[in-house]
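Asks: The following block contains the structure, expressed as structure tokens.
The values are calculated or read from the model by the stated rules, or taken from the named source; none is laboratory data. The structure presented is a predicted model; accordingly, all values stated were derived computationally and were not measured. When we count neighbours, we look across all protein chains shown, and the Cβ atoms used for this are built from the backbone with ideal geometry, even at glycine. The protein model used for the area step is the full one, side chains on, heavy atoms only, and it has no ligands, DNA or RNA in it. Shrake-Rupley method; radii C 1.70, N 1.55, O 1.52, S 1.80 Å.
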Amino acid sequence: METIRNIYCVGRNYALHAHELNNEIPTAPFLFAKPSHALAQADGGEILLPADRGPVHFEVELVIQIARDYEQGKSVDELVERMALGIDFTLRDVQSELKRKGLPWLLAKGFPNSAVLTKFVPFPGVESCNAVDFSLKKNGEHVQRGNIKDMIFDLQTIVDFSARHFGLGRGDIIFTGTPAGVGPVESGERLELLWGEEVLGACTIKRG
Ligand code: ZN
């Protein structure tokens, strides 16, 4: 597996999700990063999440991996060869407190196992991705469904913005934002991440 370098995440990239958390629709892309220790695989096994810092929310997202160093003018279809689905786990009460105080989100977004990835699959191109919904099931019930054509900032804008402000190179991954429907997870709950009808990954939650 290609080594993962930087982990960038887009916040508030779907209008309905921004609304559900009472956030304004951003006028420029809004990004944060996670440490590499946050990575975990949705390979069917258990994912350990914190138990003592309030609710942990799931956020299912399309994740793209950059295959070659960025150069201005390169398209997403040229830069991206692989994609996965991911869960940007979030300590929601901690995040609300940080927001209130105007502090960075790292404590709420950067804990171990907070960046869950399915297996990677070949990236079929932006046009093809627009034709497929991604979704999250919790205990067999759909809780989130999204489509990247509903993004406020499209993949090209996110890629160009990331390159300009942080640098973007081979191995970097980007969590591209979550659609509406986020909610809490508890021990024993089963999560499945679907691309269309295909399950790309699954995990069982353990908090403790
Ligand atoms: Zn997110």
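Asks: Suppose only helical runs count, i.e. DSSP H with n ≥ 4. What mean residue ellipticity at 222 nm does that imply for the chain under -39500 (n - 2.57) per run, divided by all residues and rounded to the nearest 500 deg cm²/dmol? Could the numbers behind the result be given before it?
Replies: On the way: 6 runs with 41 residues, N = 208.
So the calculated ellipticity at 222 nm is -5000 deg cm²/dmol.
Asks: Right, another one. For the chain, modelled as a Gaussian network with Cα springs under 10 Å, which listed residue fluctuates most, Asp172, Asp150, Asp88?
Replies: Sorting by GNM fluctuation, first place goes to Asp150.
Asks: A follow-up question, please. Express the accessible area of segment 7-207 per residue in Å², computed with a 1.4 Å probe while the remaining protein chains stay in the model.
Replies: Numbers: 8770 Å² over 201 residues.
For segment 7-207, the per-residue accessible area is 44 Å².
Asks: Defining a contact as two alpha carbons under 8 Å apart and six or more residues distant in sequence, what relative contact order in percent does segment 1-123 show?
Replies: Values: 199 pairs, mean separation 35.6, N = 123.
Worked out over segment 1-123, it gives 29 percent.
Asks: Any idea what the relative contact order of the chain is, in percent, if you count C-alpha pairs under 8 Å spaced at least 6 apart?
Replies: Value for the chain: 34 percent.
Asks: Using a Gaussian network for the chain with springs between C-alpha atoms less than 10 Å apart, which of these wobbles most: Gln65, Gln144, Gln156?
Replies: Looking only at Gln65, Gln144, Gln156, the largest GNM fluctuation is found for Gln156.
Asks: Quick check on segment 7-207: what are the equivalent-ellipsoid semi-axes from the Cα gyration tensor, as sqrt(5λ), descending, whole Å?
Replies: Details: eigenvalues 117, 78, 51 Å².
The equivalent ellipsoid of segment 7-207 has semi-axes of 24, 20, 16 Å.
Asks: Over segment 102-159, with a single point scatterer placed on each C-alpha, what log10 of the ratio I(q)/I(0) does the Debye formula yield at q = 0.13, 0.14, 0.20, 0.26 1/Å?
Replies: Result of the Debye calculation: -0.55, -0.63, -1.11, -1.15.
Asks: Shifting gears a bit: Could you give each residue of segment 46-57 its phi-based ³J(HN,Hα) in whole Hz, using Karplus coefficients 6.51, -1.76, 1.60 with θ = phi - 60°, and x for Gly or Pro?
Replies: Once rounded to whole Hz, the list reads 8, 10, 8, 10, x, 10, 10, 10, x, x, 9, 9.
Asks: Gap in Å between the Cα centre of segment 124-201 and the Cα centre of segment 3-23?
Replies: What the calculation gives is 9 Å, centre to centre.
Asks: Could you work out how much longer the chain between Glu24 and Gln156 gets when fully extended? Use 0.36 nm per residue separation minus the Cα distance between them, nm to one decimal.
Replies: Values: separation 132, 0.36 × 132 = 47.52 nm, distance 2.21 nm.
Net length gain for the segment: 45.3 nm.
Asks: Another question, if that's okay. Using 0.36 nm times the number of residues separating Ala131 and Glu189, minus their current alpha carbon distance, what extension gain do you get?
Replies: Working: separation 58, 0.36 × 58 = 20.88 nm, distance 2.94 nm.
My answer for the length gained is 17.9 nm.
Asks: Got a sec to turn the phi values of segment 67-77 into Karplus ³J(HN,Hα) couplings, 6.51 cos²θ - 1.76 cosθ + 1.60 with θ = phi - 60°, whole Hz, x for Gly and Pro?
Replies: In residue order, the calculated couplings are 9, 8, 4, 5, 9, 4, x, 6, 8, 4, 4 Hz.
Asks: May I ask which residue of Leu48, Leu98, Pro35 lies farthest towards the positive end of the charge dipole of the chain, with charges of +1 (Lys, Arg) and -1 (Asp, Glu) on Cβ and the Cα centre as origin?
Replies: Leu98
Asks: Which of Lys99/Lys137; Lys74/Lys109; Lys99/Lys149; Lys34/Lys101 have a Cα-Cα distance over 24 Å? Mind dumping the intermediate values first?
Replies: On the way: Lys99/Lys137 28 Å; Lys74/Lys109 30 Å; Lys99/Lys149 28 Å; Lys34/Lys101 20 Å.
Over 24 Å apart, Cα to Cα: Lys99/Lys137; Lys74/Lys109; Lys99/Lys149.
Asks: Follow-up question, since we're still on this one. Rounding to the nearest 20 debye, state how big the charge dipole of segment 7-207 is about its Cα centre with +1 on each Lys and Arg Cβ and -1 on each Asp and Glu Cβ.
Replies: Working: 21 positive and 27 negative charges, 126 e Å.
The calculation lands at about 600 debye.
Asks: Using r as the Cβ-Cβ distance of Val121 and Arg53, and R0 as 25 Å, what FRET efficiency do you calculate, to the nearest 0.05? Numbers along the way, then the final one.
Replies: Working: r = 33 Å, r/R0 = 1.32.
E between Val121 and Arg53, to the nearest 0.05, is 0.15.
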